[in-house]
Amino acid sequence: MFSLLRENTKIAFSSIKTQLLRTILTVIIIGVGIWALVGILATVKVLENTITGNFSAMGTNTFSISRYDFSQQIRQNDRTAKINPNITYPQAKSFQDKYHFPASAVSLSFTAASDIEVKYGSEKTDPEISVLGVDHNFMGNSGLETTSGRNFTTFDIQNNNYVCIVGSDFEKGLLKDVNPIGKTISIRGARFKVIGVLKEQGSTFGNRQDLRVLLPIQVARSLFTAPNINYDIKVKTQNKDMLDGSIDEATITMRRVRKLNPVEENNFGIARSDELLQRLMSQINILNYAAWCIGIITVFGSTIALMNIMLVSVTERTREIGVRKSLGAKKNTIAGQFLTETLIISFLGGLLGIVLGLLTGYGASIVMKAAFPMPWGATIAALTTIIVVTIISGAYPAIKAASLDPVESLRYE
């Protein structure tokens, strides 16, 4: 059995060499189909892991109040979409003061600036740092942790202390080879003492979470002044069974803060962390379906191309088949020879597609600055596709070759 398989493999490679151009084109067609399948699935897996990793840290007992809800954010470029006013600092602060739901913590934050340069001694970063103004509840409500140092205290926030917490990338760059805690960095001429380093977060949609500096909110407001700043509100409830009641209370409180009358619709959005994750994942599933559709259509085309090349091969080698049969070759031997050749071509195309697909997924992880999880599901799907293509494309040509009459085959010119 093994010697027969080895002999069939030798014959298959010999046949492939005689029709090299057609084989290369067929391998490329199969490879493109597998590439589309594996590449999109691998990229989607990177995106999925990035999103779930960021949201899982927040837990299922948090929600956020923002200018728009999730569906409105998607439709912001729609001319018919409602334009909500920004959440100003007085409104955000008023909400924090008026919201008194049991066992709940409210945090206020805003993005003070992006693409900022930070200095340490004579060293400085590229202008790529994001600065956030936050309070002492922000880290707990956002699922952030420190690998060294500590969080802000109420004393830091109330007394507007010039302290900061930096992202993990500072340990690889500006504060490399030193203990960051206690060091002084400069932002726009103001000096801040580093009291904590955040745990590595990775990247979401190209937004590098580890190149951030957190400042006390009032200090950030005094240092970075810009019109129309929008503030974010996050609420964390200790008991997730009370989350619905907490959201209802937050809605009532925010309507009072916004001075809405009973018949007016909310001009703000409330999003639960678990609900937002489910909505995002439903959007990602659409990409999965698209990957399968693209892959199936392309593989269908490659199946036809492969079957065509094998039928041509059978026709060109009709006399050879007659000689083999006249020397005692059985139908199963002839069929196995052509199936082996089909499998080799499919395997070469599949290998090309898998390699390109994995490189595409890895490239996406570099662009999004996220970890690259090995897409075993996509790889297994590709290998299964190769087997299916081999069976469909090789079965009919193999049966046709095996059923040729040896006498008629020997007379074939």
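Laid out as a table, the results:
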{"quantity": "Option label - Rg and Dmax of the Cα atoms in Å computed here, alternatives (1) 31.5, 101; (2) 23.0, 80; (3) 21.3, 68", "calculated": "(1)"}
{"quantity": "All lysines inside 21 Å of K82 as judged from Cα atoms, apart from same-chain residues fewer than 8 positions distant", "calculated": "K259"}
{"quantity": "Compactness of the range 107-220 as Cα Rg over 2.2 N^0.38 Å, two decimals", "calculated": "0.95"}
{"quantity": "Accessible surface of the range 92-242 [probe 1.4 Å, protein heavy atoms]: carbon and sulfur percent", "calculated": "44"}
{"quantity": "Cα gyration tensor shape of the range 81-147, rounded if a/c is under 1.5, else prolate or oblate by comparing a/b with b/c", "calculated": "oblate"}
{"quantity": "Within the range 357-381: backbone nitrogen closer than 16 Å to the K172 label point (7 Å, Cα to C-beta)", "calculated": "363-373"}
{"quantity": "Under 18 Å from the V355 label point (7 Å along Cα→beta-carbon), backbone N, the range 382-400", "calculated": "382-383, 386"}
{"quantity": "Efficiency of FRET from Cβ geometry, E117 and I297, R₀ 41 Å, rounded to 0.05", "calculated": "0.25"}
{"quantity": "Long-range amide H partners of K183 with built H, under 5 Å", "calculated": "V194"}
{"quantity": "Set of lysines with alpha-carbon distance to K124 below 30 Å, sequence-local pairs under 8 removed", "calculated": "K172, K176, K183, K193, K199, K369"}
{"quantity": "Average accessible surface area per residue within the chain, 1.4 Å rolling probe, Å²", "calculated": "51"}
{"quantity": "Average Cα contact separation per residue, the chain, under 8 Å, 6 or more apart, as relative contact order %", "calculated": "31"}
{"quantity": "Computed FRET value (nearest 0.05) for R22 with S282, which takes r as the C-beta separation and R₀ as 35 Å", "calculated": "0.20"}
{"quantity": "Helix axis angle, 20-56 relative to the chain longest principal axis, alpha carbon, degrees", "calculated": "20"}
{"quantity": "Charge dipole (the chain, unit charges on Cβ, about Cα centre) - positive-most of G167, T360, F347", "calculated": "F347"}
{"quantity": "Between helix 89-98 and the chain: long-axis angle, C-alpha atoms, 0 to 90°, nearest 10", "calculated": "80"}
{"quantity": "Estimated inter-spin distance, N267 and Q218, nm [label 7 Å along Cα→Cβ]", "calculated": "2.9"}
{"quantity": "Rounded to 10°, Cα long-axis angle of helix 2-18 versus longest principal axis of the chain", "calculated": "90"}
{"quantity": "For the range 247-326 and the range 99-141, distance of Cα centres in Å", "calculated": "35"}
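The values are calculated or read from the model by the stated rules, or taken from the named source; none is laboratory data. No experiment lies behind these values; they were computed from the predicted model shown. Ideal geometry is used to build each Cβ from the backbone, glycine not excepted, and the neighbour counts take in all protein chains shown. Each accessible area value is taken on the protein alone, full model and side chains, heavy atoms only, with ligands, DNA and RNA left out. Shrake-Rupley method; radii C 1.70, N 1.55, O 1.52, S 1.80 Å.
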